[in-house]
Amino acid sequence: MNQNKLKRCGWCLGDSLYEAYHDTEWGVPVKDDSSLFEFLILETFQAGLSWITILRKRENFRAAFDNFDYKKIAAYKQEKINALLKNEGIIRNKLKVNATVSNATAFMEIQKEFGSFSKYFWAFVDDSPIKNSISHYKDAPGNTPLSDIISKDLKKRGFKFVGSTVVYAMMQATGMVNDHETSCFRYEEV
C-alpha cells in the first residue's frame, strides 16, 4: 500500500519525521532495557514540551548522552553535566539533566532487584500490552490509574521527572498500551 495513502493517527499527520516515528516505533512493544532507558530519557525531557521538539533533537540527545548508555550516564561527573548544560542541541534544563544522571542510577538498582528494568516495567501489565479503543487521538487519556501507580513506584525508587503523564507517554511509546486510533493502519499491527 502507498505510504501516503495509509490512515494514520491524527497527531502525526503533516510531518515526515512524526509520521516515520508513528509508523515504525510508536506503540511497538519495547522489552530491551537500553531502548526503555532511551525512552525514559526522552520522555522526561519532553515534559512540558511537544514530542516533535524531542524527536527533532533525538540524535543530538543520543550524541550528548553517550548513545543513552545508562552505565556511562550514572557515572557522569559535574564537568560532563556542565558541558550538557551548554549543549545547544538538547534541552538545557538543569533539573532534567541532573534527573537523567540520578535516573540512570535508579534504573540500574531496578535491574539488580528484578533482573532487568523490562521485567519490572512490564510486570505492571502482566507482560501483555493494553489495547485501548481510541477513535480520535484527542480522546486518549493523558494518564491513567495504572500510570499513577507506576509513577508513584518509580518516585519511591528515586526517579525524578516521572509524573503520571510522563509515565503514560512512555507506556504509549513503548507499546505497553496501544493508543493508536482504531482506524489507524498500525492499530492491528502492534
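The values are calculated or read from the model by the stated rules, or taken from the named source; none is laboratory data. Given the structure is predicted, the values throughout are model-derived calculations rather than measurements. Don't worry about glycine lacking a Cβ; one is built from the backbone with ideal geometry, like all the others, and counts go over all protein chains shown. These accessible areas exclude ligands, DNA and RNA; they are computed on the full protein's heavy atoms, side chains included. Shrake-Rupley method; radii C 1.70, N 1.55, O 1.52, S 1.80 Å.
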Once you place label points 7 Å from the Cα toward the Cβ at residue 34 and residue 50, how far apart are they in nm? 3.2 nm
What are the ³J(HN,Hα) values, in whole Hz, obtained from phi via the Karplus relation 6.51 cos²θ - 1.76 cosθ + 1.60 with θ = phi - 60°, for each residue of the range 164-170 in sequence order, with x given for Gly and Pro? 4, 5, 4, 4, 5, 4, 5
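Which FRET efficiency value, to the nearest 0.05, do you get for residue 92 and residue 136 by plugging their Cβ-Cβ distance into 1/(1 + (r/R0)^6) with R0 = 35 Å?
Using R0 = 35 Å, I get an efficiency of 0.50.
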For the chain, with all protein chains present and a 1.4 Å probe, just round the carbon and sulfur fraction of the accessible area to a whole percent. 51 percent
Taking r as the C-beta separation of residue 59 and residue 116 and R0 as 25 Å, the FRET efficiency to the nearest 0.05 is 0.45
Using modelled backbone amide H atoms (1.01 Å from N, in-plane), which distant-in-sequence or interchain residues come within less than 5 Å of residue 181's amide H? 9
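If packing is taken as the mean number of other Cβ atoms within 10 Å per residue, what is the order of 12-24, 103-115, highest first?
Ranking, from highest mean packing down: 103-115, 12-24.
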From phi via Karplus (6.51, -1.76, 1.60), per-residue ³J(HN,Hα) for the range 94-102 in Hz, x at Gly/Pro: 4, 5, 6, 5, 5, 5, 4, 5, 5
Taking 35 Å as R0, compute the FRET efficiency from the Cβ-Cβ separation of residue 77 and residue 149 and round it to 0.05. 0.50
What ³J(HN,Hα) values, in whole Hz, does the Karplus curve 6.51 cos²θ - 1.76 cosθ + 1.60 give for the range 41-52 when θ = phi - 60°, with x put for Gly and Pro? 4, 4, 5, 5, 5, 6, 3, x, 10, 8, 5, 5
For the chain, what is Rg from Cα atoms divided by 2.2 N^0.38 Å, rounded to two decimals? 1.02
Farthest towards the positive end of the dipole of the range 10-150, among 82, 60, 30 and with Cβ unit charges of +1 on Lys and Arg and -1 on Asp and Glu, lies the Cα of 82
Given the whole protein assembly as supplied and a 1.4 Å probe, what does the accessible area of residue 183 come to in Å², nearest 10? 60 Å²
Farthest towards the positive end of the dipole of the range 45-116, among 102, 70, 49 and with Cβ unit charges of +1 on Lys and Arg and -1 on Asp and Glu, lies the Cα of 49
Among 176, 159, 132, whose Cα lies farthest out toward the positive end of the dipole of the range 83-188, if unit charges sit on the beta carbon of Lys, Arg (+1) and Asp, Glu (-1)? 159
Dipole moment magnitude, nearest 20 debye, the chain about Cα centre, only Lys, Arg, Asp, Glu C-beta charged: 740 debye
